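Q: Submitted below is the structure of interest, expressed as structure tokens.
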Amino acid sequence: MMSQAATPDVHSNFKENLKGLKEYGMIIALVVIYAIFAFMSDFKNVSPMNVNNLIMQNSYVIVLALGMLLCCLTGNVDLSVGSVVAFSGAIAAIMVVDYQMAIPLAILAAIGIGLLVGVWQGFFISKLGVAPFIVTLANMLVFRGLALVVLNGQTKGPLPQEFTQIGAGYMPQFFTTIGGTKFELLALTAGLLLSALIVFMEIRSRRNKAKNGFEVPSVGASIFKVGVSVAIVNFFTVKLAMYMGLPLVLMIVAVLVAFYAFLTNRTVPGRQIYAVGGNRKAAALSGIKVNKVMFWIYVNMGILAGLAGVILTARNASATPKAGDMFEMDAIAACYIGGTAVPGGEGTVTGAVVGALIMGVLNNGMSLLGWSVDIQRVVKGLVLLAAVAIDLHFKSKKNGYLRPVIRPWDWSLAPPISRLCWLMVRQALSLRAASAGRISWKMASGLIVWRQFGRGFRLATQRWQLT
Amino acid sequence: MDNILEMRHITKDFSGVKALDDVNLVVRQGEIHALCGENGAGKSTLMNVLSGVYPYGSYTGDIVYKGEVQKFSDIKASEKTGIVIIHQELALIPLLTVAENIFIGNENLKYGQVIDWEETQRKAAEVLKSIGMHENVNRKVVDLGMGQQQMIEIAKALAKNAKLLILDEPTSALNDEESNTLLELLLKLKQQGLTSIMISHKLNEVSRVADSITVIRDGHTIETIQRDHGDPIDENRIIKGMVGRELTNRYPERHAEIGETVFEVKDWTVQDEDDPTRERLSHISFNVKKGEVVGFAGLMGAGRTELAMSLFGHTYGAGSRGKIFKHGKEITIPDVQSAIDQHIAYVPEDRKTYGLVLIDDIKWNMSLASLKSRFSENGILKADDEIHAAEDYSKKINVKADSLTQRVESLSGGNQQKVVLAKWMLSDPDVLILDEPTRGIDVGAKYEIYTVINQLAESGKAVVVISSDMEELLGLSDRIYVLNEGEIAGELQKEEFDQEAVMRIIMAHSARRETA
């Protein structure tokens with residue numbers, strides 16, 4: 001009987017830890033990748049301007065990943081988003097440049113086109129029952145073709161400044177000088193407010209857990225979690241404050257992220273999406289109109305693709321028929337790197353956003369290092385493969401149960417990442433062997449990182465032993 | 001008689017939790033050995049140890065098979081020695097033919113790696129003949145019934161030259177007739193010298209065919225009962241061994257206070273989903289009263305599930321006509337949500353496919369059918385209410401789990417069934433249709449489910465139970481409708497209850513239809 005009583009604890013802790021671990025793991029991976037590129041690029045990628053670029057370059061991937069997450073949660077994908085981005089952007093550009101229409105009207109039209117595309121695809125998917133993969137593959141071709149047709153195969157531009165604001169503009173700026181450095185106050189304030197919000201949310205969540213009799217995480221774990229989140233947020237806002245303040249597009253993304261996090265966590269439609277992805281038949285017999293859910297998911301994706309089209313066109317100040325090429329792949333990859341289950345039913349907005357940022361940091365870092373686009377694709381592909389493989393590895397029961405206590409500072413994802421990290425450090429050392437003065441310093445820091453991971457590796461193998 | 005297999009002091013633990021603790025199993029050459037135990041007792045784990053799913057080294061103890069200690073590294077290794085396992089979930093590939101399925105993973109080859117199709121078909125036909133099956137070997141498995149598919153699994157095992165056949169719940173998805181054929185086959189194969197181990201919850205079947213029965217409880221062997229040692233094979237003794245207590249009554253008592261008619265169906269006719277020109281159900285009329293448990297008996301394929309689903313928001317059928325009354329008022333139920341809104345609930349027969357979202361946790365599953373009616377306001381979820389309700393119902397019907405955030409896939413069958421039950425109790429139904437509520441769950445959990453059903457009836461709900469377990473139906477119901485070939489063949493009052501009476505009604509009805 002003792003053994004029976006012991007079972008539940010081990011089990012629930014295993015599940016809980018795995019859950020917590022996954023989110024930490026991704027954020028840690030993001031920070032590590034960013035840090036590696038910081039080393040390799042002589043800290044070019046942490047410059048205020050680059051942080052700003054990082055956000056602007058990735059805003060549309062995040063926007064698309066939010067919509068794609070809903071598709072992925074049902075076990076499907078939308079392959080057409082890149083083409084819809086190009087087509088909707090093209091229409092907006094034509095309306096503004098060729099017909100001098102009002103800019104808000106053009107923006108609404110582009111989003112409206114996204115919506116219509118969504119309705120069109122949703123019709124085939126939910127009314128005729130054609131597999132989403134096929135429908136969106138077909139429309140990927142259709143809308144890429146249409147984008148070429150309406151643009152005559154040429155670039156349409158330049159767009160007026162009022163339009164490009166959306167993709168390249170900033171929130172009102174209030175500059176001040178602190179200790180000789182120019183800062184923008186709104187960005188700093190936003191960072192502080194967000195930090196307060198994070199602390200508040202964590203306290204509330206702890207209180208709720210205690211109230212409902214759930215296990216409350218240790219104070220140390222909470223402080224660690226809040227500390228890391230606050231550090232990341234303020235890193236970004238301070239860097240942005242040192243440049244031009246808050247990009248307008250960051251505000252759009254922030255609002256969308258908050259909205260979709262709320263939708264998936266706290267609303268009936270959100271819960272219905274998870275249920276449809278988890279077990280379609282059971283969902284249907286629980287009163288969920290599966291076809292209706294599928295329809296709205298694709299309409300939603302269309303609207304977001306239209307919006308991404310506007311942002312991209314604004315950032316480039318022109319529309320080209322090749323715009324948005326492979327965006328669908330970036331968005332899908334972001335979801336899966338972010339821990340969305342491939343059969344559906346599992347995945348979070350946080351995960352998708354972190355996944356998108358990992359892709360973004362990789363893109364940006366490799367570009368800064370001057371790596372060719374071909375190699376960039378290889379690396380991105382391998383990262384996707386590794387992320388999903390690691391995720392599945394730890395989900396599989398065959399790989400043993402975790403011991404009850406795992407702390408985030410165990411560097412739990414150490415084994416695979418450490419190897420990658422070591423390779424990169426070594427490469428960085430050899431690449432920069434010429435600047436001899438800095439080698440010793442780099443070698444030292446590289447070794448510290450390596451040692452940390454070595455320790456993590458031992459801990460991790462200990463903890464994940466097959467029992 | 002020699003022992004073909006001895007499993008000695010088998011202990012297997014998962015991260016410190018012992019699933020098997022010093023288990024001993026002795027199987028004699030040429031016998032049918034039944035393995036009984038509640039869900040989670042360790043039967044499947046033991047068989048997985050035997051068949052090499054858990055390789056040598058991951059357990060302690062010895063497997064002595066044909067006089068030698070075996071060290072299987074995987075299933076292939078155990079199959080080589082003639083130990084073949086047939087799992088509860090059939091491992092057939094629906095779109096391949098019978099012959100292809102029989103020899104999958106065991107292909108007849110020529111010139112090295114080329115499949116010899118003539119040989120395959122010839123041998124497949126031979127194997128089928130040896131088990132008394134006359135089926136075209138080029139038919140696709142998907143077109144066969146469950147009973148035939150189970151036979152194909154056995155043919156597949158025989159084609160692998162099985163000496164020791166392990167069957168995990170072989171009849172759980174079969175109707176009485178199919179089960180009968182299968183059991184006859186096992187007896188026939190026994191005559192030919194095949195040894196088999198059979199895991200089963202169906203004690204009447206076990207006591208009918210088994211020569212020995214080993215009872216396992218909580219990872220321990222409790223006892224082995226042998227027929228030829230003069231031990232009577234007594235179902236109550238097995239049950240006592242399985243649950244560790246004597247169940248004096250397998251069906252809890254209930255004092256029915258039957259009130260006015262709550263739910264009534266008149267002249268309900270439903271078109272077949274696959275062939276809309278055919279009537280799957282015709283002119284069905286029945287009623288259920290307040291506080292009453294009404295049983296639906298019938299053979300597999302009689303249309304009981306189809307009836308329930310066609311009423312439950314048209315989830316079955318190409319079209320239907322007829323009238324539905326609730327509390328004397330005519331109603332229509334265009335879809336599932338409307339059924340829920342009108343306080344009608346349907347607990348489907350296959351909990352894993354139709355009842356649960358396996359990867360979600362207990363509370364999400366429990367709230368799923370009542371998200372709109374109970375757990376949200378303006379589309380926004382009331383998370384606290386959800387947790388409290390799930391807690392409440394888990395306690396009420398005794399769901400054994402360590403936390404409400406545990407995924408339902410990790411629960412035992414009985415607890416999963418309780419979660420589905422709680423899900424529909426939460427939707428606050430007046431009419432509750434339960435389709436095979438105790439299929440594949442152990443005796444203890446069955447009793448608990450019966451208790452819940454009784455409580456529901458006592459609290460004034462109208463309950464409909466569909467079950468293929470005749471004994472259960474007779475023990476549980478206040479009144480029974482017998483359904484046959486899509487029609488109501490008869491109705492039995494409590495005082496007329498008798499298994500034979502049900503069969504007589506079915507036979508008479510079939511005969512009437514034939515002459516008509």
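The values are calculated or read from the model by the stated rules, or taken from the named source; none is laboratory data. Bear in mind that the values here come from a model prediction, so they are computed numbers and not experimental data. Counting neighbours? That spans all protein chains shown, and the Cβs are built from the backbone with ideal geometry, glycine included. These area figures cover heavy atoms from the full protein model, side chains too; ligands, DNA and RNA do not enter into them. Shrake-Rupley method; radii C 1.70, N 1.55, O 1.52, S 1.80 Å.
Q: Once you place label points 7 Å from the Cα toward the Cβ at B:ASP350 and A:VAL119, how far apart are they in nm?
A: About 3.8 nm, to one decimal.
Q: Taking each full run of DSSP H in chain B as one helix, which ones are at least 15 Å long along their axis (Cα atoms) and have mean Kyte-Doolittle hydropathy of at least -1.0? Before the final figure, lay out the partial values.
A: Working: long enough: B:117-130 (20 Å, -1.22); B:146-159 (20 Å, 0.26); B:176-191 (23 Å, -0.47); B:383-396 (20 Å, -1.48); B:413-425 (18 Å, -0.32); B:443-458 (22 Å, 0.20); B:499-515 (25 Å, -0.37).
Span-like helices in chain B: B:146-159, B:176-191, B:413-425, B:443-458, B:499-515.
Q: Still on this model: If each residue of separation counts as 0.36 nm, what is the full-extension length gain between B:ASN138 and B:HIS283 once their alpha-carbon separation is subtracted?
A: 48.3 nm
Q: Largest first and in whole Å, what are the equivalent-ellipsoid semi-axes of region B:141-189 based on the Cα gyration tensor, each being the root of 5 times an eigenvalue? Could you put the intermediate results ahead of the total?
A: Working: eigenvalues 61, 36, 16 Å².
For region B:141-189, the ellipsoid semi-axes come out as 17, 13, 9 Å.
Q: Compute the normalised compactness of the protein assembly as shown: alpha-carbon radius of gyration over 2.2 N^0.38 Å, N being the residue count. Don't skip to the end; give the middle numbers.
A: On the way: Rg = 32.4 Å, N = 983, 2.2 N^0.38 = 30.2 Å.
Cα Rg divided by the expected 2.2 N^0.38 Å: 1.07.
Q: Two-decimal Rg/Rh of region A:55-203 from alpha-carbon positions, Kirkwood Rh?
A: On the way: Rg = 20.1 Å, Rh = 18.4 Å.
We get a ratio of 1.09 for region A:55-203.
Q: Can you pull a Stokes-Einstein diffusion coefficient for region A:315-373 at 10 °C (1.306 mPa s), Rh from Kirkwood over Cα pairs, as a whole number of µm²/s?
A: Values: Rh = 12.9 Å.
Reported coefficient: 123 µm²/s.
Q: To continue, here is another question. Okay, which of region B:189-221 sit inside 20 Å, backbone N to the point 7 Å along the Cα-Cβ direction of B:ASN24?
A: Zone members listed by number: B:211-221.
Q: Right, something else. Counting pairs of alpha carbon atoms under 8 Å apart in space and at least six apart in sequence, what relative contact order in percent does chain B give?
A: Numbers: 1007 pairs, mean separation 74.1, N = 516.
Contact order relative to length: 14 percent.
Q: Now a separate question. Calculate log10 I(q)/I(0) of region A:139-179 for q = 0.17 Å⁻¹, where I(q) comes from the Debye formula with a single equal point scatterer on each Cα and nothing for solvent.
A: -0.70
Q: What lysines does A:LYS182 reach when the alpha-carbon gap must be under 18 Å and sequence neighbours fewer than 8 apart in one chain are set aside?
A: Filter leaves A:LYS239.
Q: A:HIS393 versus A:ILE375, label points 7 Å from Cα toward the beta carbon: distance in nm?
A: So the two model labels end up 2.5 nm from each other.
Q: Using just the alpha carbons, could you tell me how many Å³ per residue the convex hull of region B:186-333 encloses?
A: Values: hull volume 28.5 nm³, N = 148.
In region B:186-333, the Cα convex hull volume per residue is 192 Å³.
Q: Evaluate Rg over Rh across region B:335-378, taking Cα atoms for both radii and Kirkwood's formula for Rh. Before the final figure, lay out the partial values.
A: Numbers: Rg = 11.3 Å, Rh = 11.5 Å.
Taking Rh as the inverse mean 1/r over Cα pairs, Rg/Rh reads 0.98.
Q: Against the 2.2 N^0.38 Å scaling, with N counting residues, where does region B:307-439 land? I'd like the Cα-based Rg ratio to two decimal places. Present the calculation step by step, with values, prior to reporting the outcome.
A: Working: Rg = 15.2 Å, N = 133, 2.2 N^0.38 = 14.1 Å.
So the Cα radius of gyration is 1.08 times the expected 2.2 N^0.38 Å.
Q: Next up: Can you give the convex hull volume per residue for the Cα atoms of chain B, as a whole number of Å³?
A: Values: hull volume 92.9 nm³, N = 516.
In chain B, the Cα convex hull volume per residue is 180 Å³.
Q: What accessible area per residue comes out for region B:3-243, rounded to a whole number of Å², with a 1.4 Å probe?
A: On the way: 10270 Å² over 241 residues.
Averaged over the residues of region B:3-243, the accessible area is 43 Å².
Q: In sequence order, what are the phi-derived ³J(HN,Hα) couplings for region A:245-253 according to the Karplus relation 6.51 cos²θ - 1.76 cosθ + 1.60 with θ = phi - 60°, rounded to whole Hz, with x for glycine and proline?
A: Each residue's phi maps through the Karplus curve to give x, 7, x, 4, 5, 5, 5, 4, 4 Hz.
Q: Could you run the Debye sum over the Cα atoms of region A:179-224, one equal point scatterer each and no solvent, and tell me log10 of I(q)/I(0) at q = 0.16, 0.23, 0.24, 0.31 Å⁻¹, two decimals?
A: -0.57, -0.82, -0.85, -1.07
Q: Using 1/(1 + (r/R0)^6) with R0 = 30 angstrom and r between the beta carbons of B:ARG374 and B:ILE104, what's the FRET efficiency to the nearest 0.05? Working shown, then result.
A: Details: r = 48 Å, r/R0 = 1.60.
Rounded to the nearest 0.05, the efficiency is 0.05.
Q: Only bridges whose two residues both fall in region B:3-243 count here: according to DSSP, what percent of them are antiparallel, nearest 5? It would help to have the intermediate numbers written out before the result.
A: Values: 24 of 41 bridges.
Taking every DSSP beta bridge with both residues in region B:3-243, the antiparallel ones total about 60 percent.
Q: Ignoring ligands, DNA and RNA, how much accessible area is buried between chains B and A, both sides summed, with a 1.4 Å probe, to the nearest 100 Å²?
A: Numbers: alone 23150 and 23110 Å², together 42820 Å².
Protein heavy atoms only, the B-A interface buries about 3400 Å².
Q: Rg to Rh ratio, region B:3-243, alpha-carbon atoms and Kirkwood radius?
A: Numbers: Rg = 18.1 Å, Rh = 18.5 Å.
Rounded to two decimals, Rg/Rh equals 0.98.
Q: Between B:HIS327 and B:GLU471, what is the FRET efficiency for a Förster distance of 35 Å, r being their Cβ-Cβ separation, to the nearest 0.05?
A: On the way: r = 33 Å, r/R0 = 0.93.
E(calc), rounded to 0.05, equals 0.60.
Q: Would you mind calculating the gained length between A:PHE133 and A:ALA231 on full extension (0.36 nm times residue separation, minus the Cα-Cα distance), in nm to one decimal? Don't skip to the end; give the middle numbers.
A: Details: separation 98, 0.36 × 98 = 35.28 nm, distance 3.99 nm.
That pair, A:PHE133 and A:ALA231, stretches by 31.3 nm at full extension.
Q: Given a 1.4 Å probe and every protein chain left where it sits, what share in percent of the accessible area of the protein assembly as shown is carbon and sulfur?
A: Details: 24770 of 42820 Å².
C and S atoms contribute 58 percent here.
Q: Here's another thing I want to ask about it. Within the protein assembly as shown, what percent of beta bridges assigned by DSSP are antiparallel, to the nearest 5?
A: Roughly 65 percent of the beta bridges in the protein assembly as shown run antiparallel, per DSSP.
Q: Ignoring everything but the protein chains, give the 1.4 Å probe accessible area of A:TRP120 in square angstrom, nearest 10.
A: 120
Q: Calculate the translational D of region B:1-133 in whole µm² s⁻¹ from Stokes-Einstein, where the hydrodynamic radius comes from the Kirkwood formula applied to all Cα pairs, the temperature is 10 °C and the viscosity 1.306 mPa s.
A: On the way: Rh = 17.1 Å.
Answer from the Stokes-Einstein relation: 93 µm²/s.
Q: While we're looking at this one, here's another question. Between A:VAL149 and A:GLN165, how many nm apart are label points set 7 Å from Cα along the C-beta direction?
A: The modelled label-to-label distance comes out at 3.4 nm.
Q: Can you tell me the FRET efficiency between B:GLN192 and B:LYS80 if r is taken as the Cβ-Cβ distance and R0 is 25 Å, rounded to the nearest 0.05?
A: Numbers: r = 21 Å, r/R0 = 0.84.
Once the sixth-power term is evaluated, E becomes 0.75.
Q: Dividing the alpha-carbon radius of gyration of region A:126-237 by 2.2 N^0.38 Å (N being the number of residues), what value is obtained? Don't skip to the answer; put the middle values down first.
A: Working: Rg = 24.3 Å, N = 112, 2.2 N^0.38 = 13.2 Å.
In units of the 2.2 N^0.38 Å rule of thumb, it is 1.84.
Q: So, how do all the Cα-to-Cα distances of region B:352-428 break down into 5 Å bins, in percent, from 0 on up?
A: Histogram of Cα-Cα distances, whole percents per bin: 3, 18, 32, 26, 15, 5, 1, 0.
Q: Same structure, new question: Please work out how much length the chain gains when fully extended from B:ASP428 to B:TYR56, using 0.36 nm per residue of separation minus the C-alpha to C-alpha distance, in nm with one decimal. Show your work: numbers first, answer last.
A: Details: separation 372, 0.36 × 372 = 133.92 nm, distance 5.10 nm.
128.8 nm is the gain from fully extending B:ASP428 to B:TYR56.
Q: Once the Cα gyration tensor of region B:20-69 is found, what semi-axes does its equivalent ellipsoid get, as square roots of 5 times the eigenvalues, in whole Å, sorted largest first?
A: Values: eigenvalues 59, 55, 17 Å².
Semi-axes, largest first: 17, 17, 9 Å.
Q: Additional query: Looking at the P(r) of region B:366-488, how many percent of alpha-carbon pairs lie beyond 20 Å?
A: Values: 3591 of 7503 pairs.
I get 48 percent for the Cα pairs in region B:366-488 exceeding 20 Å.
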